[in-house]
Number of protein chains: 2
Amino acid sequence: MISLEPIGHVRSSKHDITDDHWGNVTATIDLDAAFDAASLDGIEQFSHAEIIFHFHGVPLSAVERGTRHPRGNPAWPRVGIFAQRGSARPNRLGATIVEIVQRSGRSLTVRGLDAIDGTPVLDIKPVMVEFLPRSPVRQPEWSRQLMHSYWEVTGD
Amino acid sequence: MISLEPIGHVRSSKHDITDDHWGNVTATIDLDAAFDAASLDGIEQFSHAEIIFHFHGVPLSAVERGTRHPRGNPAWPRVGIFAQRGSARPNRLGATIVEIVQRSGRSLTVRGLDAIDGTPVLDIKPVMVEFLPRSPVRQPEWSRQLMHSYWEVTGD
């Protein structure tokens, strides 16, 4: 077993997990008191960061270790849990690239983080283009349908 | 504290951490026996996957919680550990997008994984374009210099 310690927590107006409309969500990651604010120095030189976090709201009993229909939708093929990005996965890790909005002391405000208020954050990494895919990305049609409204900005 | 269980381990000809030339490294992730091979079903429909792993070779005593020069290079600015991607970071998590080469049973062969033989793997996520940056990426000059030869393919 590998023991990890949250480096901080998400502060957000979003208190419930929803399937879509994360595009207009602005959230703040507050580093825990054990961290020097300087650990974020220089992050404002980057436009994006990757946030690794723990889907703490998913009960262990819900974790899928085999296959399932993404979002339980029978219109999409049943695929392995490692061929989809749902939260009910072994180790319940999330990894999302966000836009950096502002850094202030030990707080980092970001746009497009699909994690609810109180989520434990395990790492923050700056996005470098050299770490993005270096060849064309291919993905199945079901994943495009699933993602269609994920980042959609709603009026409310 | 959050306890994680490796889902598998890296099998690679690369036994030592090096700063550069990861581009020609092909590695295989073997899922642990506790996992059904079906958990990888459908991953071959994707060209890329993100691998989340544990830098198990980094001693806890080496972990930086404040600032440092990337790679210890004084020519580059001293920045916070969360503004760089070095392995000596809190929780010692790595997250790398790789090319999927082949899936066979509970083994996944990939290209461009910067993790050495024996590395514990914590998650495998398929790459969807919708989860890549949706606005232009900006990054400091030092990071471009640092990454210059990272993926370079060498003749040996």
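The values are calculated or read from the model by the stated rules, or taken from the named source; none is laboratory data. Keep in mind it's a predicted model, so treat the numbers as computed, not measured. Every residue, glycine as well, gets a Cβ built from its backbone with ideal geometry; the counts of neighbours run over all protein chains shown. Calculation scope for accessible area: heavy atoms of the full protein, side chains included, ligands and nucleic acids excluded. Shrake-Rupley method; radii C 1.70, N 1.55, O 1.52, S 1.80 Å.
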**Request:** Go through (1) farther than 19 Å from B:Pro126 by Cβ; (2) modelled with pLDDT of 95 or more; (3) surrounded by 15 or more Cβ atoms within 10 Å (Cβ to Cβ) one by one and return the number of the condition B:Asp30 breaks.
**Result:** (1)
**Prompt:** If B:Thr67 satisfies every condition in (1) facing chain A (nearest Cβ under 7 Å); (2) surrounded by fewer than 19 Cβ atoms within 10 Å (Cβ to Cβ); (3) more than 22 Å from A:Arg134 (Cα to Cα) but one, which is the exception?
**Reply:** (2)
**Request:** Determine whether A:Ile52 is in contact (Cβ under 8 Å) with a residue 12 or more places away in the chain, part of a strand (DSSP E or B), open to solvent by less than 20 Å² (accessible area, probe 1.4 Å) and under 22 Å from A:Met147 (Cα atoms).
**Result:** yes
**Request:** Return the total of residues in the stretch B:115-133 being within 10 Å of another protein chain (Cβ to nearest Cβ), of a type in the set (D, E, K, R) and in contact (Cβ under 8 Å) with a residue 40 or more places away in the chain.
**Result:** 2
**Request:** Quick one: B:Ser13 ticks every box in (1) open to solvent by 50 Å² or more (accessible area, probe 1.4 Å); (2) in contact with a Ser or Thr (Cβ under 7 Å, 6 or more places away or on another chain); (3) hydroxyl-bearing (Ser, Thr, Tyr) except a single one, so which number is it?
**Result:** (2)
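This table checks each residue for (1) over 15 Å from A:Asp41 (Cα atoms); (2) not β-branched (Val, Ile, Thr).
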site	(1), (2)
A:Arg85	yes, yes
A:Pro90	yes, yes
A:Leu93	yes, yes
A:Thr96	yes, no
A:Ile100	no, no
A:Arg103	no, yes
A:Ser107	no, yes
A:Val110	yes, no
A:Val121	yes, no
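Here is a yes/no grid of residues against (1) over 21 Å from A:Thr28 (Cβ atoms); (2) buried (at least 19 other Cβ atoms within 10 Å of the Cβ); (3) in contact with a helix residue (DSSP H, G or I) (Cβ under 6 Å, 6 or more places away or on another chain):
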{"residue": "A:Gly112", "(1), (2), (3)": "no, yes, no"}
{"residue": "A:Met128", "(1), (2), (3)": "yes, yes, yes"}
{"residue": "A:Pro133", "(1), (2), (3)": "yes, no, no"}
{"residue": "A:Arg138", "(1), (2), (3)": "yes, no, no"}
{"residue": "A:Trp142", "(1), (2), (3)": "yes, yes, no"}
{"residue": "A:Ser149", "(1), (2), (3)": "yes, no, no"}
{"residue": "A:Val153", "(1), (2), (3)": "no, no, no"}
**Prompt:** Only one residue in B:Arg144, B:Arg103, B:Arg134 is more than 12 Å from the chain's Cα centre (by Cα) and farther than 27 Å from A:Arg144 by Cβ. Which one?
**Reply:** B:Arg144
**Prompt:** What pairs come up if the first residue lies in the stretch A:71-83 and is open to solvent by 60 Å² or more (accessible area, probe 1.4 Å), the second is of a type in the set (Gly, Ala, Ser) and part of a loop (DSSP other than H, G, I, E, B), and their beta carbons are under 9 Å apart, counting only those six or more places apart or on different chains?
**Reply:** A:Arg71/A:Gly86; A:Pro77/B:Gly42; A:Arg78/B:Gly42
